[in-house]
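Some notes on the structure that comes next.
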Amino acid sequence: MALLEPALSRTFKAFFDSEKAGGILLLVCTAVSLALANSPVGPAYVAFWHTAVGGLSLELWINDALMAVFFLFIGLELERELYSGELSDLRSALLPMMAAIGGALVPALIYHAFNVGQPTEGGFGIPMATDIAFAMGALALLGPAVPSSLKVFVVAFAVLDDLIAILIIAVFYTTQLSLGYLVGALVVFGLLLALNRVWHVMALTPYLLGGVIMWVFMFRSGIHATMAGVLLAFAIPFSRVAEDATSPSHRLEHVLNGPVAIAILPIFALANTAIVLGGHWLADLGSAGGLGIIVGLVIGKPLGVVLTCLACVAVGVCRLPEGLGWRHIFGAGALGGIGFTMSIFITNLAFAKNGHLIDASKLAVLVASVVAGAIGMAWLAWVGRGTSRPGRPASGPHQEE
């Protein structure tokens, strides 16, 4: 049967249109950064990202501050879809939620199987997360070959996946959790919710100022500061009318659309792919830690996503989004193997006292992400062949019986 794409907000369509350019920039910046890090100017290039500014390195400002803006942007669209879009139906929302859980648990178990009893055992959280930036860039590059409902599904399960990773960090990798600052962040979040739900404040300025304060508290608490971006998104007033351009969430989403795609994500790629290849990099990839990461992301991710979704649909807890088949779900799971952002962050926490393990694990994350991304893009491109020609029914490998 022909695929039927759900109607999405204009903001969401504009977002993915901008990601076509942003996705290319992301890939180019990654290649340039790797090349520079392993060139004669490599030491100076790597040192640049560790330059201290205001007491923090440039890399940390990018990963904790700029990426909080990115998570705010993603949170705004997820909020819209949860309340007035594809995910507004509980059974539809449950599917990406369960996909995120399965997609996090299976890779962690695979990593543990490879590394139990080894010095690398503590890195089980590395292959759990999905990199939203690269996954969305890959979807944008695929263009009309990807159903709109699949884009929503990937964004939803990737955000939930990263939220799971943040919780894992808080429980297993936070050595100096400050309850005082965490309570402070939650109090600010509560006040922002009150501005929205109780006092019905529609101006953006109070929310943005409160978001900055919440970010500071979250950063000081020891929990990854990007969580503040997601919380802020759900505190900002939205309209259940999908195309209400006066909605504060809609206006902010429109303002952030370009900067996120053409500035924040490429800068992030430059700062986080400055990985110097050592003389034993092949051996590192074949080590227990390297194999745990690669197998966990490349095989464990799609396996966890597909099996969990199959089980939930089979028992009637969830249903597939309109226009999607199991081939699409496998492709989404493969793209979920692009671990990059949070995987690298967890690597730094898991092996904080071992620079060699950090570099080896980062390399494994990069290799696994490239392989997973290539598999996911190739598969979805194949599945989407012959789709969306006006006046012609869909045919080919994308059909589901």
Simple label model, 7 Å out from Cα along Cβ direction - Ile213 to Val317, nm: 3.9
Cysteines in the chain that, by Cβ-Cβ distance, have no pairing candidate under 4.7 Å: Cys29, Cys309
Rounded, prolate or oblate: which fits the range 89-226 when a ≥ b ≥ c are the square roots of the eigenvalues of the alpha-carbon gyration tensor, with rounded for a/c under 1.5 and prolate only if a/b beats b/c? oblate
Give me the one-decimal nm value for the distance between modelled label points at His254 and Gln118, 7 Å along each residue's Cα-to-Cβ direction. 5.2
Which of Ala135, Ala374, Ala185 moves the most in a Gaussian network model of the chain with Cα springs under 10 Å? Ala374
Selection from Leu95, Thr273, Leu179 lying farthest towards where the dipole of the chain points positive, charges on Cβ: Leu95
At q = 0.18, 0.23, 0.28 Å⁻¹, what is the base-10 log of I(q)/I(0) for the range 126-167 according to the Debye formula with one equal point scatterer per Cα and no solvent? Please give it to two decimals. -0.50, -0.73, -0.94
How big is the charge dipole of the range 223-342 about its Cα centre, in debye rounded to the nearest 20, if each Lys and Arg gets +1 on its Cβ and each Asp and Glu gets -1 on its Cβ? 180
Let me know the charge dipole size of the chain about its Cα centre in debye, to the nearest 20, where only the beta-carbon of Lys, Arg (+1) and Asp, Glu (-1) is charged. 200
Paired Rg and Dmax values of the range 53-114, which use every Cα atom, in angstrom: 17.0, 47
Shape of the range 284-324, Cα gyration tensor, a/c cut at 1.5: prolate
Could you pull out the trypsin sites (Lys or Arg not before Pro) across the range 175-243 that fall in loop regions by DSSP (anything but H, G, I, E, B) with no more than 16 other Cβ atoms inside 10 Å? Arg240
Using just the alpha carbons, could you tell me how many Å³ per residue the convex hull of the range 321-360 encloses? 77
Where the accessible area of the range 68-202 is counted over protein heavy atoms with a 1.4 Å probe, how much of it, in %, is carbon and sulfur? 72
Here, the chain modelled as identical Cα point scatterers in vacuum has Debye log10 I(q)/I(0) at q = 0.06, 0.12 Å⁻¹ of -0.22, -0.95
If the viscosity is 1.306 mPa s and the temperature 10 °C, what translational diffusion coefficient in µm²/s does Stokes-Einstein give for the range 138-189 when Rh comes from Kirkwood over Cα pairs? 115
Taking only DSSP H segments of four or more residues, each worth -39500 (n - 2.57), what value at 222 nm results for the chain once the sum is divided by all its residues, to the nearest 500 deg cm²/dmol? -21000 deg cm²/dmol
In Å, the Kirkwood hydrodynamic radius from C-alpha pairs for the range 80-168 sits at 14.2
By its C-alpha gyration tensor, with a ≥ b ≥ c as the square roots of the eigenvalues, how is the range 188-326 shaped: rounded for a/c under 1.5, else prolate for a/b larger than b/c, else oblate? oblate
Kindly write out, for the range 215-228 in residue order, the coupling ³J(HN,Hα) from the Karplus curve 6.51 cos²θ - 1.76 cosθ + 1.60 (θ = phi - 60°), rounded to whole Hz, with x marking Gly and Pro. 4, 4, 4, 5, 4, 5, 6, x, 8, 3, 5, 5, 4, 4
Output the peptides 45-53, 112-120, 143-151 sorted from most to least packed, where packing is the average of other Cβ atoms within 10 Å over each peptide's residues. 143-151, 112-120, 45-53
Radius of gyration and maximum dimension Dmax of the range 259-345, Cα, Å: 17.2, 52
Residue-wise, which Karplus ³J(HN,Hα) couplings in Hz belong to the range 155-172, taking 6.51 cos²θ - 1.76 cosθ + 1.60, θ = phi - 60°, and x for glycine or proline? 4, 5, 6, 5, 5, 5, 4, 5, 5, 4, 4, 5, 5, 4, 4, 4, 7, 9
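The values are calculated or read from the model by the stated rules, or taken from the named source; none is laboratory data. The structure displayed is predicted, hence computed values, not measured ones. Here the Cβ is made from the backbone with ideal geometry for all residues, glycine too, and neighbour counts use every protein chain on show. Protein only, heavy atoms only, side chains kept; ligands, DNA and RNA dropped before computing areas. Shrake-Rupley method; radii C 1.70, N 1.55, O 1.52, S 1.80 Å.
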